[in-house]
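Right, one structure below, let's go through it.
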Amino acid sequence: MKHQAVLLLLLSILSHFSIAQNQGTIGKNIKLSEPDFSNNATLYDALANRKSTRSFSQENISHQDLSNLLWAAAGINRASGGRTVPLLGDIAIYVAVESGVYLYNAQEHILEHKLDEDIRSTISSQEPVKRAPAIFILTIDDSSFPGFMKDAMIEAHGMDFYYGNQVAYSTQNIYLYAATNDMNTFVMGGFYRKKVDEILSLPSGHHSYLLQLVGYNK
Ligand SMILES: Cc1cc2nc3c(=O)[nH]c(=O)nc-3n(C[C@H](O)[C@H](O)[C@H](O)COP(=O)(O)O)c2cc1C
């Protein structure tokens, strides 16, 4: 009898877990669905429609669009683990939404829950941060760059050149996805960078570089 009760309890926990997984959440993490680019938009469509727009509908971004945006921004696109953007080090993309802040884990294609607070309106004095359903925070950790190349990189261009380039590729990919999916977006360098680094508890050498605001067309 006791064994039966334990078994029933276990089955009930497991069924809840699988429901949660199907719904796209694992605890507070978000399990992203497979990227889906079946809308037949061409590269020409994306380039011809790319632009910055600072107004957004208040609708939250669907998990499918989040999945597609993050995969476009820095997802894994081949068996070797290579990414949709050229990376010399790594890029860490945080996503601030109403329910909190998440970190994109490209290897597992999930959003790891980091914070419960809605930080969006506090991280810049520019008005659009108050209206954007999602703010992508593009960060670079210096320690992700190969140490043996550092001296040559510093001599060639300085490390900021490499950090800036890495985030720029991801922002353009987000622009191109938005341009073909009725979404609005724009990139911002004007934000409280130190505050954001502190909120995200980034370690020394890991900094935020750009914000990219994303939402549906109004
Ligand atoms: C690195 C970078 C930082 C930017 N920072 C801001 C910003 O803080 N606020 C803003 O309104 N526009 C900013 N912009 C400009 C817009 O994102 C946008 O690129 C510009 O208005 C050109 O418009 P378009 O993208 O439609 O061609 C920035 C652009 C870049 C490339």
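Between a residue in region 126-146 that is within 16 Å of MET188 (Cβ to Cβ) and any residue that is basic (Lys, Arg) and modelled with pLDDT of 95 or more, which pairs come within a Cβ distance under 6 Å, given they are 6 or more apart or on different chains?
Once the first residue is within 16 Å of MET188 (Cβ to Cβ) and sits in region 126-146, its partners that are basic (Lys, Arg) and modelled with pLDDT of 95 or more give PRO128/ARG54; VAL129/ARG120; ILE135/ARG120.
If you check GLU117 against the conditions, is it closer than 14 Å to LEU66 by Cβ, of a type in the set (Asp, Glu) and more than 13 Å from the chain's Cα centre (by Cα)?
no
Filter region 151-177 for residues that are in contact with a Ser or Thr (Cβ under 9 Å, 6 or more places away or on another chain) and within 11 Å of the ligand (Cβ to nearest atom); which is farthest from PRO133 (Cα to Cα)?
Only one residue fits best here, namely VAL167.
In a helix (DSSP H, G or I), modelled with pLDDT of 95 or more and in the same structural domain as LYS195 (by TED's automatic domain parsing): is that true of ALA92 in this structure?
no
Inside region 194-218, can you point out the residues that are under 16 Å from the mean Cα position of the chain (by Cα) and either of a type in the set (Asp, Glu) or within 16 Å of the ligand (Cβ to nearest atom) (or both)?
Correct list: VAL196, ASP197, HIS207, SER208, TYR209, LEU210, LEU211, GLN212, LEU213, VAL214, GLY215.
Enumerate the strands (runs of 3 or more DSSP E) found wholly within region 110-210, keeping only those where 2 or more residues are surrounded by fewer than 21 Cβ atoms within 10 Å (Cβ to Cβ).
Fully inside region 110-210 and qualifying: 110-115, 183-188.
Does VAL85 qualify as being within 16 Å of the ligand (Cβ to nearest atom), in contact (Cβ under 8 Å) with a residue 12 or more places away in the chain and under 15 Å from the mean Cα position of the chain (by Cα)?
The answer is yes for VAL85.
Does any residue in region 201-218 that is without any contact (Cβ under 8 Å) to a residue 60 or more places away in the chain and under 19 Å from TYR162 (Cβ atoms) come within less than 8 Å, Cβ to Cβ, of a residue that is within 12 Å of the ligand (Cβ to nearest atom) and not in a strand (DSSP E or B) six or more places away or on a different chain, and which pairs are these?
Nothing qualifies.
The values are calculated or read from the model by the stated rules, or taken from the named source; none is laboratory data. Because the structure is a prediction, the values reported are computed rather than measured. Please note: Cβ atoms are built from the backbone with ideal geometry, for glycine as well, and neighbour counts cover all protein chains shown.
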